[in-house]
1. So which residues in region 80-107 are within 19 Å of GLU17 (Cβ to Cβ), acidic (Asp, Glu) and out of contact with any Asp or Glu (no Cβ under 8 Å at 6 or more places or on another chain), if there are any at all?
2. In region 133-170, what residues are over 21 Å from GLY107 (Cβ atoms) and without any contact (Cβ under 8 Å) to a residue 40 or more places away in the chain?
3. Mind listing whichever residues of region 1-30 are assigned to a helix (DSSP H, G or I) and either under 24 Å from ALA141 (Cα atoms) or not hydroxyl-bearing (Ser, Thr, Tyr) (or both)?
4. Please identify the pairs in which a residue from region 62-75 that is acidic (Asp, Glu) has its Cβ atom under 9 Å from the Cβ atom of a residue that is assigned to a helix (DSSP H, G or I), counting only partners at least 6 apart or on another chain.
5. So, in region 31-74, how many residues would count as being under 16 Å from ILE140 (Cα atoms), open to solvent by less than 60 Å² (accessible area, probe 1.4 Å), more than 16 Å from the chain's Cα centre (by Cα) and not hydrophobic (A, V, I, L, M, F, W, C)?
6. Looking at GLU63, GLU89 in this structure, which one is of a type in the set (D, E, K, R) and under 21 Å from GLY9 (Cβ atoms)?
7. Under 21 Å from HIS8 (Cα atoms), modelled with pLDDT of 95 or more, part of a helix (DSSP H, G or I) and in contact with a helix residue (DSSP H, G or I) (Cβ under 8 Å, 6 or more places away or on another chain), is that true of LEU47?
8. If you go through region 86-102 one residue at a time, do you hit one that is closer than 16 Å to GLY25 by Cα, open to solvent by less than 30 Å² (accessible area, probe 1.4 Å) and in contact with a strand residue (DSSP E or B) (Cβ under 7 Å, 6 or more places away or on another chain)?
Amino acid sequence: MKIIFIRHGEPDYSLLEEAGYTGFGLDLAPLSAAGRRMATEAASNPLLEQAEILISSVTRALETASYLIRNRQLSLFVEPLLYEWQVYESGTKKFEQARKLFFENNGSLPAGSPVRYETAEQMKARFFRALSKYRDYETIALVAHRMLIRQFVANQQIDFCQFVECELEI
């Protein structure tokens with residue numbers, strides 16, 4: 001199956017941070033004004049013409065997806081299992097520590113890790129579980145998060161609203 005990964009537009013966490021949201025609460029962040037402009041521009045990407053459906057999850061990815069389908073006959077499906085990579089500790093400092101450990105350990109969780117997080121294997125498993133019902137499609141577009149995309153497109157910087165093509169056996 002061909003998957004056109006699209007990273008969501010730039011989010012604005014300010015309102016949520018001011019309200020004290022952490023963890024999954026931050027997934028409620030909308031796009032910033034710049035993120036909305038990015039998504040509007042991304043909607044003209046010719047790769048979208050190849051997609052049969054568009055799949056997304058959580059607020060910033062769904063908002064991005066809404067711009068991408070605005071002038072197209074493309075169905076949008078919400079897949080809750082395509083959420084952002086999870087760190088099971090609160091706070092920016094713990095998140096950055098977990099990200100560093102994740103990459104140092106090639107996506108695994110070392111024994112005795114000072115911070116708990118979702119492993120690459122766990123992320124891939126939920127990705128394949130979520131997409132299993134779309135096996136009959138040849139090409140799908142998927143608005144997702146950088147850490148999830150990086151599990152399939154290694155060692156690449158993935159900017160906001162960037163499109164990355166990938167062939168995967170689902």
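The values are calculated or read from the model by the stated rules, or taken from the named source; none is laboratory data. For clarity, every value in this text was computed on a predicted model and none was experimentally measured. Cβ atoms come from the backbone with ideal geometry, glycine included; neighbour counts cover every protein chain shown. When the accessible area is computed, the model is the full protein with side chains, heavy atoms only, and any ligands, DNA or RNA have been set aside. Shrake-Rupley method; radii C 1.70, N 1.55, O 1.52, S 1.80 Å.
1. Selection gives GLU89, GLU96.
2. LYS133, ASP136
3. LEU15, LEU16, GLU17, GLU18, GLY23, PHE24, GLY25, LEU26, ASP27, LEU28
4. Pairs that qualify, where the first residue is acidic (Asp, Glu) and the partner is assigned to a helix (DSSP H, G or I), are GLU63/GLY35; GLU63/ARG36; GLU63/ALA39.
5. 1
6. Answer to the selection: GLU63.
7. Taking the combined requirement at face value, the residue does not satisfy it.
8. yes
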